[in-house]
Every structure is written in C-alpha cells, then in structure tokens.
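**Q** One structure follows; several queries about it will come next.
The values are calculated or read from the model by the stated rules, or taken from the named source; none is laboratory data. On a predicted model such as this, the values are computed, not experimentally measured, just so you know. Cβ placement follows ideal geometry from the backbone for every residue including glycine, while neighbour counts extend to all protein chains displayed. SASA here: full protein model, heavy atoms, side chains in, ligands and nucleic acids out. Shrake-Rupley method; radii C 1.70, N 1.55, O 1.52, S 1.80 Å.
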Amino acid sequence: MDKFSKRFGYDSVEEVEISVREDAPDDLRGFLVQLAYEYGVGPKKLRGIVCKLLRKSPDSSNWSEYPNIDGEVRDLIGSCKWYKVYDLIERLVYYLSYEDYSGTVDDFIGEINDYFIEYGIGWKIEAEKIEIRGPESFEQIMKSARKSEFEAGLETASNELHEAINDLSRRPYPDTTGAIQHAMASLECVAREVTGDRKANLGDIMKKHKGIIPEPLDQSVIKAWGYASENGRHIREGREPSFSEAELIVGICASVGNYLSRQNNA
C-alpha cells in the first residue's frame, strides 16, 4: 500500500532501545494478526497455519470467519509461548514467499522489522529467518564486517560471523559460548590471512606481528582473546558468559576483523 507517510517522507522509524527478547508482547501478537489479514492471510488460512504450528485441532464449531474463526485465532496466538509467535512469523514469511506468490513478502518483512525497531524488540528477519538484532551501531558493524570480509575473499571468516549471530539467536536459550567461539574464529581467520601466518592462533599472531593493530588498541584485542579463551573455549564450571558479554565479544571481533580485512584489501 502506498501510504501517505511513505509518499511524503514521514515514515522513518525511530529506533527504541532494545528491551524485549525472550518475550512476545500482547501488542505484537495483535499486530501480527492484523498484518497477516492485510497481506491476504485471512482468518481461515491463518487458523490452519497456527493450528499446525501449535499442534492444535481447529474448533469444528467455528464456521464463520468473523467473529468466530478470528476470535479463535486471536485466542491461540494470545495464549501460546512467546517463541511460538516468532515461529509463526517465519511460517508467514514462508507462506508469502513460496505459496502465496503475491510478491508482497518483502513488504511484509519490512513491516515486521520496522515494528521490532520501533518497539524495542531485539529480533529481525534476515534471509527469511528471524535472528538476533543488536543496537543500530552493532548492526552496522556486523553488516560492514561481513561485506568487507566477503569482498576480500574471506568467506570462512564471514560465515563464522554469521554462525556467531545464529548462536546468539538460538531460542529459547542463546548459545553464548558458541557465539564467542565463532566470533573469535572469524577474527582469527582474518588475522591469519593478513599476516600469512596460517597455523598460529590469534594470541600468537598478536605477539609475533606487532603493528597489525595500532598500539595501544592491540592490547584490547589481546585481552578479548584471553577472555574468549577462558570463557568461550575453556569454560569454567558454573561460569557461562552472559548474553551481553557474548554480544560485546562478537561486536569487537566484527569491528577488528572489518578493520584488518579493509587494510589488507586497500
């Protein structure tokens, strides 16, 4: 739909600080129903998708779409576990992409992503799948790092970053140790390529190849490596990294990897 706000440039979404991850607020659930209807997935079709997802049988006594089936759909979505709501979003993306053929899936994804940004929900749809979303600065770092690494031919490093995001995105519980491992592996791949020292680990590279990171910033990379070695590779009993810690390490690795790959490709 060609909206007034879009035609006249008033539709920019203002980012709100992320406050929601392991939850699906009631407003999001209600918005999802309305959005599905707007994109042609009516109450009857939506009930079929929801019931299949939740392993429920449709209420055979509900025949009319409004208000009966609509009420049934809203009750099912309103009472399901939070992560099932995000599963439903992915199912709707799949339906609009491969079964509906209406060509509107990109608009649907845009509406969902804008909602997430506007209401501080820490998820996003990327490549038709929901994955973790960080603050705008984090998102820019990740996008820039993966792009520069891919353009420099460092596909393994780029893929490791993607796996780090996948680990942070796991639901209902993120794999923080896996995210740290993959992020550090990505940085290590870039450092090996830049220095030609393809068998050394990142800690050894930083010691042997002074100057690949300007001083004293190199010390922060060394410290991050030490932290990752202790908390990502050799986990102490009862000490699992928090989500915030893992997100920080992923961001550091992406930033430094982006810097090194750009310097190497300059």
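**Q** Can you tell me, using C-alpha contacts under 8 Å and at least 6 residues apart, the relative contact order of the chain as a whole percent?
**A** It comes to 18 percent, rounded to a whole number.
**Q** From the phi angles alone, apply the Karplus equation (6.51, -1.76, 1.60; θ = phi - 60°) to segment 21-38 and give each ³J(HN,Hα) in whole Hz, x where the residue is Gly or Pro.
**A** 9, 8, 6, 9, x, 4, 4, 5, 4, x, 4, 5, 4, 4, 5, 4, 4, 4
**Q** Follow-up. Nearest 10 degrees, 0 to 90: what angle lies between the long axis of helix 105-118 and the longest principal axis of the chain (Cα atoms)?
**A** Around 70 degrees separate the two axes.
**Q** Oh, and also: Report P(r) for segment 1-75: all Cα-Cα distances, bin width 10 Å, range 0 to the bin holding the largest distance, values in whole percent.
**A** Bins of 10 Å from zero give 16, 36, 27, 18, 3 percent of pairs.
**Q** Continuing with the same structure: Residue by residue through segment 79-84, which ³J(HN,Hα) values in whole Hz follow from phi under the Karplus form 6.51 cos²θ - 1.76 cosθ + 1.60 (θ = phi - 60°), with glycine and proline marked x?
**A** My calculation for segment 79-84 gives 10, 7, 4, 4, 6, 5 Hz in order.
**Q** Could you estimate the translational diffusion coefficient of segment 135-265 from the Stokes-Einstein equation, with Rh from the Kirkwood formula over C-alpha pairs, at 25 °C and 0.890 mPa s, in whole µm²/s?
**A** Numbers: Rh = 14.5 Å.
Translational diffusion coefficient: 169 µm²/s.
**Q** Sticking with this structure for a sec: With a 10 Å radius around each residue's Cβ, average the other Cβ atoms per peptide and rank 161-168, 147-154, highest first.
**A** Details: 161-168: 21.9, 147-154: 19.0.
Highest to lowest by the protection proxy: 161-168, 147-154.
**Q** So, one more: Would you report the distance distribution of C-alpha pairs in the chain as whole percents per 10 angstrom bin, up to the bin with the largest distance?
**A** Cα pair-distance distribution for the chain, in percent: 6, 25, 27, 20, 13, 6, 1, 0.
**Q** Against the longest principal axis of the chain, how steep is helix 243-265, in degrees 0 to 90 to the nearest 10, with axes from Cα atoms?
**A** On a 0 to 90 degree scale, this one is about 60.
**Q** With a Förster radius of 22 Å, plug the Cβ-Cβ distance of Glu230 and Lys208 into 1/(1 + (r/R0)^6) and report the FRET value to the nearest 0.05.
**A** E between Glu230 and Lys208, to the nearest 0.05, is 0.55.
**Q** At 1.4 Å probe radius, can you tell me the per residue accessible area of segment 154-266 in Å²?
**A** Working: 5730 Å² over 113 residues.
Using a 1.4 Å probe on heavy atoms only, each residue of segment 154-266 averages 51 Å².
**Q** How would you order 178-189, 208-219, 83-94 from highest to lowest mean count of nearby Cβ atoms within 10 Å?
**A** 178-189, 83-94, 208-219
**Q** Can you pull the percent of Cα pairs in segment 25-112 with separation above 21 Å?
**A** 24 percent
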